[in-house]
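Here is the structure we will look at.
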Amino acid sequence: MAAHCEVRKGEYHDSVTLMRVAKFLSQQDGVTDSAVVMATEENKLILKVAGLFGPEVAKATEVDLVIGVQAASGELAAKLVQAAVQELKKKSRTGAGGPRPRSLDSALELQPAANLALISIAGRYAAAEARKALERGLHVMLFSDNIPLEAEVALKKFGASRGLLVMGPDAGTAIIGGVPLAFANHVSAGKIGIVAASGTGLQEASCLISNLGQGISQAIGTGGRDVKKEVGGIMFLHAIDSLLRDPGTEVLLLISKPPHPEVLEKILDKVRGAKKPVIATFLGSPAADPAGNVIATATLEDGALKAVCAVSGRDLREADEELAKAAIAREGRARAEAGRLSEGQKYLRGLYTGGTFVAETQVLAATRLRDLHSNAPFGSSKAASDPLRSRAHTVIDFGEDEFTLGRPHPMIDFSLRNKRILEEARDPETAVLLLDLVLGWGANRDPLPELLPVLNQARATARAAGRYLPIVISVTGTDSDPQCRSKIVKALNEAQVIVENSNAAAADLAIKIAEFAGR
Amino acid sequence: MGEIFEQKLSVINIGLESFTEPFRNRGVPFVQVDFKPGLNLPPELRERLAANSQVIELANRVAMDRILSARPALVGMGLAGDLIPGMRKTRILHAGPPIEWDRMCGPMKGGIIGALMYEGLAASPEEAERLAGSREIEFSPCHEHASVGPMAGIISASMPVFIVKNEAFGNVAYATQNEGLGKVLRYGAYGEEVIRRLKWMDATLYPVLKRAIEKLGKVDLKAIIAQALHMGDEVHNRNRAATSLLYRALAPAIAETAESPSQAAAVLNFINGNDHFFLNLSMAASKATLQAAQLGEGVEHSSLVLTMARNGTEFGIQLVGTGSTWYTGPAPVPDALFFKGYTKADANPDIGDSAITETAGLGGFAIAASPAIVQFVGGEAQDATNYTLQMYEITAAENNVYQIPFLDFRGTPTGIDVRKVVEKNILPFIDTGVAHKKPGIGQVGAGVLSAPPEPFLKAAEGLARGIRSS
């Protein structure tokens, strides 16, 4: 076994390219470990642990690229490092035609009418680019994460002072003027405006609305931290203001995990006396608003339904009736599913790619399932002692750092969740698997070939052990998405997977199955 | 803020390219930025540069005016010892930033050994090496003596030099006669044939050329370079067209002034047999052009690069606005095509004053004009074009005389702005020859490289600190 490292000074590649080449390396014969990373302090630690370290690497800085390979022989390792260098070059040559602009300013020379900068570079560079964009009068959507809180506050104050949107950091999604940004879905145009401090929440609500025949005017993602005390809801409030003014928006839907009380206060103040109905889904918060300025809802589905009712002039109580009816229907289904379980199958196992769903499911399970664990605990759940192993009822967010370091988002790369699905299937205590599948731009373009065989295998594994394993999944998306939701749902149904229209419904069904199983 | 809802969305995407798919799908105008983080300039210095951008811009405009209005011409020849300021028998000039004997690379040491033997100061390589290591010989950069030399860039007192005068400003730059390829002093070779060729150049080439130039009065180098760019040269790694044009200009005068037809033929054949004969003149012309930027008031704090030069150990630059200070960093080893039998392991780190051509908007900056040598940059004409296009991102102006036919006669990117280099982390692109790292072997290949970041970072820091102290 021998290691070979090469430091390429000042060579920068975006994370996708690095991951592509890292994958290339890991697939080569004779490789035991490899890394293609920028030499940040954290990465250096990782390299040290992997035995891919040397004086060269120690001297490298965060603008330098390190390629390290541990292989059967030093010769092979050195050869593969060179192969990786060639792989990296491939990318830079695919952009046919002239060279691309290398800076915001040269891009603006090419397109002076630009009015929005979509920024998804590494967090340590993103704030400076966002600032530049704001200074040049552009609205900003910051997909990047790892931006310091102070930087976020400074950017948002500056943006607000100039009447510019600063969506994010860590804003996964938005829809502006009908155009999906980053991880957004292709939804119908309409009159419901969304402000969300939760990316998956925005996707779920906008898709549900679109699938119910209504549409979205604008959907503004603020990033989850916006409603925390430190940021004070600067952009959340700003976005509410703009949607209240926007003639194309008739109903507002606000989505967030519970805002800080001070921020909530400001939000309620802001919508006081509003001429447009304001629906709010503040997950897990009773959002009691004595003044009655907002209509509080319990789940994303509830919020979407009520927004649809409001915009089509229907009584909101119709939404409650519909939800109640659906819940009753699920009761029968759950009883039937639970009836097929074996002795000892007791627990719900929720494996999620969308963070908001993890919270929503915990909210729904809070009073119904005892002993609920999560790596992203919310409300009364317990923190998972080991995110890699389930214990009793468990819901896992694969978007948390422990699963995403150096990997694409779990909505793109299913490998870790797939592995876990099979582990849960082997566990005799698993009563029901609860999953999400998020479609849309940015998400895995062709999910079925990666997901279906794993689900089939999971059920086969359980069957071989004499168990029946119900799998419940919600599919977030529309038929206009590049993946086409109805095609996906059809294939899942054919594979005997239970598909629900919303996570709230899927979670409720799975919780019910677990409840019956526990009796 | 409501206005974005009423406008047509138009996006600049900085980062993941897959995010542009829905824009393509929806017909939303967008530009993808190939983001690369800037060089790591301390924030307070970056801010200082930003705060003083008007002062810097003004100085750059003054400097750029002078650079663009330069008129370099070959006006005569003479001996280095007689002409070059500060030149004496015990002083050897070399390429790149200052360096002492112990830290010199192989080819530079070889060139110095050769020069000491050529000057008669040492009888053997061993004696020359001892002498060079003693304190009796002084070493000094060509650039600090109004001179330039390719590769090792060795100039000693007895060597004949070209006089290139900037007729617009009167300043003068010097360069030796190019020796040709193979085992030559500039690549660190010092064998008998090297010294013999140098002696022939003194005895035959020099007097014939000197008389021919006197006869002509002058040769307009700016015009030759401009024409050569239209004929496939970038006048750094390719000088075939420029050499031919020079040959055409000189031939009648040589025929008339040579002592014999055989002498004329020997000189003309020598020039004809060396496609790089013009290189030393394109370098001197570039030097004379850039020197002008510092002649006179108004360029203090200019962020334009005055010099890029390498001594085979370090890469050094000077700025128009920071006097004669060198900013240096380790010289990289070029990516190259190697002659048969050699590999990158044989290559010396980058060496030579020839990057003065890039500094003046030629060489790698003009490589789009030179499709014949695209093998050096990846094999496709588009690669060469892209390199030139990228250099516009870091330059202050487009040349008013040097043009690139393929880019619809757009002026070459001219006047490197160190601020843009640092902010965009786009480093100057340089064509270069590659010397063997051991002295005495010579050239092993030719290729390209990007300048290293350190000198530019240090120069930007130096520039920023200088602003505060004034």
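The values are calculated or read from the model by the stated rules, or taken from the named source; none is laboratory data. Predicted model only: the values in this text are computed from it and were never measured. With ideal geometry, Cβ positions are generated from the backbone for all residues, glycine too; neighbour counts draw on all protein chains shown.
Let's see how each residue does on (1) surrounded by fewer than 17 Cβ atoms within 10 Å (Cβ to Cβ); (2) within 10 Å of another protein chain (Cβ to nearest Cβ); (3) part of a loop (DSSP other than H, G, I, E, B):
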site: A:ARG124; (1), (2), (3): yes, yes, no
site: A:ALA127; (1), (2), (3): no, no, no
site: A:ASN146; (1), (2), (3): yes, no, yes
site: A:LYS156; (1), (2), (3): no, no, no
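Being in the same structural domain as B:GLY180 (by TED's automatic domain parsing), over 16 Å from B:PHE365 (Cα atoms) and in contact with a helix residue (DSSP H, G or I) (Cβ under 8 Å, 6 or more places away or on another chain) is a property that B:LEU221 has.
Taken together, the criteria exclude B:THR414 from residues that are within 18 Å of B:ASN239 (Cβ to Cβ), away from chain A (no Cβ under 14 Å), modelled with pLDDT of 90 or more and surrounded by 24 or more Cβ atoms within 10 Å (Cβ to Cβ).
A:ALA117 falls short on exactly one of the conditions (1) in a strand (DSSP E or B); (2) more than 7 Å from chain B (Cβ to nearest Cβ), and that condition is (2). Of all the criteria given as (1) under 18 Å from the mean Cα position of the chain (by Cα); (2) at pLDDT 95 or above, the one not satisfied by B:MET159 is (1).
Give the residues of region A:485-507 that are assigned to a loop (DSSP other than H, G, I, E, B) and under 19 Å from the mean Cα position of the chain (by Cα), sorted by residue number. Walk me through how you get there before you give the answer.
Initially, region A:485-507 is screened for residues assigned to a loop (DSSP other than H, G, I, E, B), giving A:495-497, A:501-502.
Those that are assigned to a loop (DSSP other than H, G, I, E, B) and under 19 Å from the mean Cα position of the chain (by Cα): A:ASN501, A:SER502.
The residues on offer are A:GLY163, A:GLY213, and the sole one that is in a loop (DSSP other than H, G, I, E, B), more than 13 Å from chain B (Cβ to nearest Cβ) and either without any contact (Cβ under 8 Å) to a residue 12 or more places away in the chain or surrounded by fewer than 24 Cβ atoms within 10 Å (Cβ to Cβ) (or both) is A:GLY213. Among residues of region A:329-356 that are surrounded by fewer than 17 Cβ atoms within 10 Å (Cβ to Cβ), those with a Cβ under 8 angstrom from a residue that is among the hydroxyl-bearing types (Ser, Thr, Tyr), sequence gap 6+ or separate chain, pair up as A:ARG340/A:TYR468; A:SER342/A:TYR468. Kindly indicate whether any position in region B:56-65 is free of Cβ contacts under 8 Å to residues at least 60 places away in the same chain, surrounded by fewer than 18 Cβ atoms within 10 Å (Cβ to Cβ) and within 14 Å of another protein chain (Cβ to nearest Cβ). Within region B:56-65, none of the residues are free of Cβ contacts under 8 Å to residues at least 60 places away in the same chain, surrounded by fewer than 18 Cβ atoms within 10 Å (Cβ to Cβ) and within 14 Å of another protein chain (Cβ to nearest Cβ).
Among residues of region A:131-154 that are without any contact (Cβ under 8 Å) to a residue 60 or more places away in the chain, those with a Cβ under 9 angstrom from a residue that is among the polar types (S, T, N, Q), sequence gap 6+ or separate chain, pair up as A:LYS132/A:SER103; A:GLY137/A:ASN115; A:LEU138/A:ASN115; A:HIS139/A:ASN115; A:PHE143/A:SER120; A:PHE143/A:THR173; A:SER144/A:SER120.
When you look at A:SER161, is it under 12 Å from A:MET235 (Cα atoms) and of a type in the set (Ser, Thr, Tyr), yes or no? The answer is yes for A:SER161. The residues listed here are A:ALA298, A:ALA365; of these, the one that is under 22 Å from the mean Cα position of the chain (by Cα), at pLDDT below 95 and within 17 Å of A:GLY379 (Cβ to Cβ) is A:ALA298.
For region A:42-73, the set of residues classified as within 14 Å of chain B (Cβ to nearest Cβ) and exposed (fewer than 15 other Cβ atoms within 10 Å of the Cβ) consists of A:GLU56, A:LYS59, A:THR61, listed by residue number. When restricted to residues that are of a type outside the set (A, V, I, L, M, F, W, C), in contact (Cβ under 8 Å) with a residue 60 or more places away in the chain and more than 9 Å from chain A (Cβ to nearest Cβ), region B:1-50 contains 3.
Restricting region B:366-389 to residues that are touching a strand residue (DSSP E or B) at 6+ places or on another chain (Cβ under 7 Å) and farther than 15 Å from B:ARG238 by Cα, the residue that is surrounded by the most Cβ atoms within 10 Å (Cβ to Cβ) is B:THR388.
When A:LEU237, A:LEU202 are screened for being more than 30 Å from A:SER474 (Cβ to Cβ), touching a helix residue (DSSP H, G or I) at 6+ places or on another chain (Cβ under 9 Å) and either in a loop (DSSP other than H, G, I, E, B) or not assigned by TED's automatic domain parsing to the domain that holds A:VAL475 (or both), only A:LEU237 passes.
Within region A:311-320, the residues that satisfy the criterion of being over 26 Å from A:THR361 (Cβ atoms) and either touching a Leu at 6+ places or on another chain (Cβ under 7 Å) or not in a helix (DSSP H, G or I) (or both) are A:SER312, A:GLY313, A:ARG314, A:ASP315.
Within region B:430-470, take every residue that is part of a strand (DSSP E or B) and small (Gly, Ala, Ser) and give me the one that is farthest from B:MET151 (Cα to Cα). Outline the logic, then answer.
Just the residues of region B:430-470 that are part of a strand (DSSP E or B), to begin with: B:430-436, B:443-450.
Next, from what is left, pick out any that are small (Gly, Ala, Ser): B:433, B:435, B:445-447, B:450.
Details: B:GLY433: 8, B:ALA435: 8, B:GLY445: 12, B:ALA446: 12, B:GLY447: 13, B:SER450: 17 Å.
Ranking the candidates gives B:SER450 first.
Give me a count of the residues in region A:240-284 that are of a type outside the set (Asp, Glu) and part of a loop (DSSP other than H, G, I, E, B).
Restricting attention to region A:240-284, the residues satisfying the condition of being of a type outside the set (Asp, Glu) are A:240, A:242-245, A:247-249, A:251-261, A:263-264, A:266-268, A:270-284.
Still in the running and part of a loop (DSSP other than H, G, I, E, B): A:247-249, A:257-260, A:272-277, A:283-284.
Number of matching residues: 15.
So, B:SER53, is that one among the polar types (S, T, N, Q) and within 7 Å of chain A (Cβ to nearest Cβ) or not? I'd like the intermediate steps shown before the answer.
Details: among the polar types (S, T, N, Q): yes; within 7 Å of chain A (Cβ to nearest Cβ): no.
Against the criterion (among the polar types (S, T, N, Q) and within 7 Å of chain A (Cβ to nearest Cβ)), B:SER53 does not qualify.
Mind checking which residues of region B:393-451 are free of Cβ contacts under 8 Å to residues at least 60 places away in the same chain and either basic (Lys, Arg) or not assigned by TED's automatic domain parsing to the domain that holds B:ALA369 (or both)? Hits for region B:393-451 are B:ARG410, B:LYS420. Being of a type in the set (A, V, I, L, M) and modelled with pLDDT of 90 or more is a condition met by at least one residue of region B:369-378.
Looking at region B:8-48, which of the residues that are aromatic (Phe, Trp, Tyr) and in contact with a helix residue (DSSP H, G or I) (Cβ under 9 Å, 6 or more places away or on another chain) is surrounded by the fewest Cβ atoms within 10 Å (Cβ to Cβ)? Lay out the reasoning, then the answer.
Restricting attention to region B:8-48, the residues satisfying the condition of being aromatic (Phe, Trp, Tyr) are B:19, B:23, B:30, B:35.
Imposing the further condition that a residue be in contact with a helix residue (DSSP H, G or I) (Cβ under 9 Å, 6 or more places away or on another chain) reduces the set to B:30, B:35.
Details: B:PHE30: 22, B:PHE35: 26.
Among those residues, the one meeting the criterion is B:PHE30.
Condition check: modelled with pLDDT of 95 or more and outside any helix (DSSP H, G or I). Does A:LEU388 satisfy that? So A:LEU388 does not fit the description; no.
Which one is modelled with the highest pLDDT among residues in region B:215-261 that are among the basic types (Lys, Arg) and not in a helix (DSSP H, G or I)?
B:LYS218
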